[in-house]
Amino acid sequence: MPSNGKISLEELNKRLADPSVSDEELTRYFEVDEKRSGPFSPVFALNPQTVNIPPTAEGTERSAALLNSANFIARLRRHVAFNARVGEGSYRGPILVSEGDSWFQYPFKLTDVIDDLMQRYAVFSLDAAGDTLSNMFREAEYMEAIANTGASIFLFSGGGNDIVAGGNLAAHLSDFDPAKSPAAHLRPSFNLVLDEAIGIYSKLVRQVAQKFPNLQIICHGYDYTVPANGPWLGKPMASRNITDPALQKAIARVMVDRFNERLALLQASSARLHYIDCRNTVQQDEWYDELHPTNDGYRKVAKKFSNKIEELSQKPKAVDTRANKARAAISAETTSYRPVVHPSQAASRSAKAKGGPAGRSLHIGLNAVDPGHYAGWSGPLNACEFDAQDIYEIAGGLGYDANLLLTANATRDNVAGEIERAARDLSAGDIFFISYSGHGGQIPDFNGDEEDGVDETWCLFDRQLIDDEQYMLWSKFKPGVRVLVVSDSCHSGSVIRAVNPDSPQVAVGANPLARAMPSNIASRTFRQNRDLYNTLGSSLSSVEAQTVLRAMEMPISCSVRLISGCQDNQTSLDGLGNGAFTAALINVWDNGRFSRNYAAFHGAILRKMPETQSPNHWAIGPKNPVFDAQTPFAI
């Protein structure tokens with residue numbers, strides 16, 4: 001070492017490559033470049049007090065090359081430590097794979113969560129400071145690492161960049177207003193950022209859970225950060241004249257809470273996902289900066305992970321088997337897992353994973369109705385039973401406990417009974433999927449909740465099921481249950497849209513039938529069954545009407561999503577093989593290859609429809625961002 005006490009770049013390289021030199025020893029050779037760092041992406045500079053940097057162009061180039069490889073060097077050091085741990089023959093703990101951001105990998109300067117866990121467990125680390133959710137999912141290195149190591153637990157850390165809007169928080173804040181609450185200072189666009197993040201999270205977790213049916217997944221939410229005039233929280237808030245430290249802190253709490261709430265929802269609807277709530281774990285004086293805890297803070301977070309790992313750990317396999325797999329993993333450190341999906345296997349993308357939430361479904365198709373109730377009209381249609389059978393097969397292939405009710409069996413009591421059984425059996429995180437293909441009708445509005453004076457109905461075999469009755473049935477579901485309704489019938493929506501005339505459309509027959517009960521039949525049916533519908537109306541004006549009024553104020557505990565074949569003032573077209581809407585839906589779903597969310601799914605269906613028929617998409621009940629972000633029909 002030179003007399004000035006500094007080491008050379010060559011000596012620093014040697015120490016970085018030596019696993020016996022601890023990160024704590026290396027800390028003194030680096031400092032954080034605050035100006036160049038991003039959120040959850042610290043950029044390092046060499047410490048000129050401890051490293052001799054030649055004042056030449058060559059010296060600058062060599063030091064830059066060393067710094068650019070900081071994440072790679074940190075990963076390599078961890079891989080060497082992992083192989084040494086599993087190869088020594090005495091390790092009896094679980095094998096873990098970790099993928100995450102700077103809470104899992106803050107090179108050299110901090111002893112982060114994985115640094116703490118590696119003192120006790122064999123962790124194959126893929127973590128990189130600054131890694132984003134989208135990049136982790138796109139590269140999917142964890143898939144090959146899990147397969148090669150035979151890991152039993154996957155640790156995941158991501159979304160921190162999204163909480164602070166990728167360094168663009170100011171764009172999602174309103175200017176200071178003393179009349180506004182902390183939450184009101186966050187613009188609606190901030191929720192969209194979080195929803196996008198939870199959508200990627202959901203796909204990543206589903207991908208891992210389906211491929212590895214015995215793997216446990218542990219993720220975490222972040223703790224309440226303390227804005228401190230830093231570039232990620234304090235300064236963006238100050239740029240909006242939000243300068244009161246107490247208000248800054250309160251806004252940051254809302255941001256962290258919203259992300260944690262989404263992770264809790266995701267846990268309820270995912271297989272073998274265990275979410276660790278880290279809020280109130282790191283004390284106010286245990287923050288290294290606005291986003292990262294100190295070593296002591298990280299140690300407390302790591303303890304929560306360790307407790308969950310111990311809870312989930314199974315009896316270990318033979319050590320030599322794990323070690324052999326682990327050694328193979330090091331050769332894959334620079335590769336990415338990009339599975340090739342054969343068309344016949346495409347549906348597995350949305351299939352139910354082992355240990356995941358329950359999926360119950362009901363598929364209703366009526367090619368006729370009982371003339372005895374419908375004033376002598378049998379309502380003949382061609383393809384409604386085909387629709388129900390096709391959606392039933394899709395649901396069954398995805399792992400739903402699927403039920404089918406066709407024509408004469410699709411009575412009001414049978415349909416309501418299946419829905420009520422699902423409401424009784426399903427719990428938070430589960431999903432109920434119901435599809436209906438048949439005639440839609442309208443009857444006089446009994447309780448004044450319809451602006452146009454009529455209630456929309458499904459024409460079941462023995463009588464109509466009124467939309468108010470459906471509200472009553474949805475109110476029976478428990479909080480946190482997802483309900484998906486697909487309705488290929490007339491008068492089934494209420495929102496106007498514009499059609500793209502250049503979009504390819506699903507062909508319909510030359511003289512397609514409309515799935516609407518003719519108005520004269522509707523009138524005759526109502527008059528013939530006046531006592532029944534008057535009695536029903538009286539009932540709806542009490543219990544059911546209260547349910548509907550509560551629904552208008554968002555009282556329904558479950559989250560109900562409707563994708564319907566048309567608007568209230570339109571008719572849905574029948575066909576030979578399928579109805580026009582169902583044909584478009586099946587075409588867009590494409591055997592499970594469609595990988596975007598429900599809003600995009602609806603948009604893609606809409607573009608394939610004839611201009612006379614505009615499918616609708618809307619939701620009632622508590623907002624569920626995980627449901628919003630999921631791929632169609634995902635359990």
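The values are calculated or read from the model by the stated rules, or taken from the named source; none is laboratory data. In this text the structure is predicted, and so the values were computed from the model without any measurement. Cβ: placed from backbone, ideal geometry, glycine included. Neighbour counts: every protein chain shown. With ligands, DNA and RNA removed, areas are computed over all heavy atoms of the protein, side chains included. Shrake-Rupley method; radii C 1.70, N 1.55, O 1.52, S 1.80 Å.
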Review point. In region 239-260, how many are in contact with a helix residue (DSSP H, G or I) (Cβ under 6 Å, 6 or more places away or on another chain), under 21 Å from GLU34 (Cβ atoms) and surrounded by 15 or more Cβ atoms within 10 Å (Cβ to Cβ)?
Key: 1
Point to revise | Count of region 214-244 residues which are at pLDDT 95 or above, more than 26 Å from the chain's Cα centre (by Cα) and among the polar types (S, T, N, Q) | key: 3
Practice item. Can you tell me which residue within region 102-120, out of those that are farther than 20 Å from ALA45 by Cα and out of contact with any helix residue (DSSP H, G or I) (no Cβ under 7 Å at 6 or more places or on another chain), is surrounded by the fewest Cβ atoms within 10 Å (Cβ to Cβ)? Key: GLN119
Study note, to complete from the structure: Taking region 420-463 and keeping residues modelled with pLDDT under 75 and outside any strand (DSSP E or B) leaves ASP445, PHE446, ASN447, GLY448, ASP449, GLU450, GLU451, ASP452, GLY453
Revision key, fill the gap. Of the residues in region 381-419, those that are surrounded by fewer than 18 Cβ atoms within 10 Å (Cβ to Cβ), in contact (Cβ under 8 Å) with a residue 40 or more places away in the chain, in a helix (DSSP H, G or I) and within 34 Å of the chain's Cα centre (by Cα) come to GLY397, ALA416
Point to revise | Those residues of region 359-382 which are within 26 Å of GLY396 (Cα to Cα), at pLDDT below 95 and among the hydrophobic types (A, V, I, L, M, F, W, C), in sequence order | key: LEU381
Review point. Among the residues of region 527-543, is any open to solvent by 40 Å² or more (accessible area, probe 1.4 Å), modelled with pLDDT of 70 or more and in a loop (DSSP other than H, G, I, E, B)?
Key: no
**Study point:** Residue count, region 361-380 (criterion: touching a Leu at 6+ places or on another chain (Cβ under 6 Å) and either open to solvent by less than 30 Å² (accessible area, probe 1.4 Å) or closer than 28 Å to ARG593 by Cβ (or both))
**Key:** 3
Exercise for review: Would you mind stating whether ILE198 is crowded, with 20+ Cβ neighbours inside 10 Å and at pLDDT 95 or above?
Suggested key: no
Exercise for review: Only one of these is closer than 30 Å to VAL193 by Cα and outside any helix (DSSP H, G or I): ALA151, ALA129, ALA170. Name it.
Suggested key: ALA129
Review point. Here are some residues: GLU144, GLU99. Which one is modelled with pLDDT of 95 or more, under 26 Å from the mean Cα position of the chain (by Cα) and open to solvent by 10 Å² or more (accessible area, probe 1.4 Å)?
Key: GLU144
Check your understanding: Is there a residue in region 270-280 that is farther than 14 Å from TRP103 by Cβ, of a type in the set (Ser, Thr, Tyr) and in contact with a helix residue (DSSP H, G or I) (Cβ under 6 Å, 6 or more places away or on another chain)?
Key -> yes
Study note, to complete from the structure: Requiring at least 1 residues that are touching a Gly at 6+ places or on another chain (Cβ under 9 Å), the helices (runs of 4 or more DSSP H) wholly within region 579-635 are 580-589, 625-629
**Study point:** Qualifying residues in region 590-630 (those that are open to solvent by 20 Å² or more (accessible area, probe 1.4 Å) and either touching a His at 6+ places or on another chain (Cβ under 6 Å) or hydroxyl-bearing (Ser, Thr, Tyr) (or both)) - the one nearest to THR571 (Cα to Cα)
**Key:** THR612
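Table: residues versus (1) among the aliphatic types (A, V, I, L, M); (2) out of contact with any His (no Cβ under 7 Å at 6 or more places or on another chain); (3) buried (at least 22 other Cβ atoms within 10 Å of the Cβ).
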| position | (1), (2), (3) |
| --- | --- |
| ASN191 | no, yes, no |
| LYS203 | no, yes, no |
| THR225 | no, yes, yes |
| MET237 | yes, yes, yes |
Exercise for review: Give region 173-189 a look and list any residue that's open to solvent by 30 Å² or more (accessible area, probe 1.4 Å), touching a helix residue (DSSP H, G or I) at 6+ places or on another chain (Cβ under 8 Å) and in a helix (DSSP H, G or I), or say none.
Suggested key: ALA183, SER189
Point to revise | Residue among ARG92, ARG85, ARG77 that is surrounded by fewer than 18 Cβ atoms within 10 Å (Cβ to Cβ), over 27 Å from the mean Cα position of the chain (by Cα) and more than 25 Å from ARG206 (Cβ to Cβ) | key: ARG92
Point to revise | Residues (open to solvent by 60 Å² or more (accessible area, probe 1.4 Å), at pLDDT below 75 and closer than 24 Å to ASP101 by Cβ) located in region 35-59 | key: ARG36
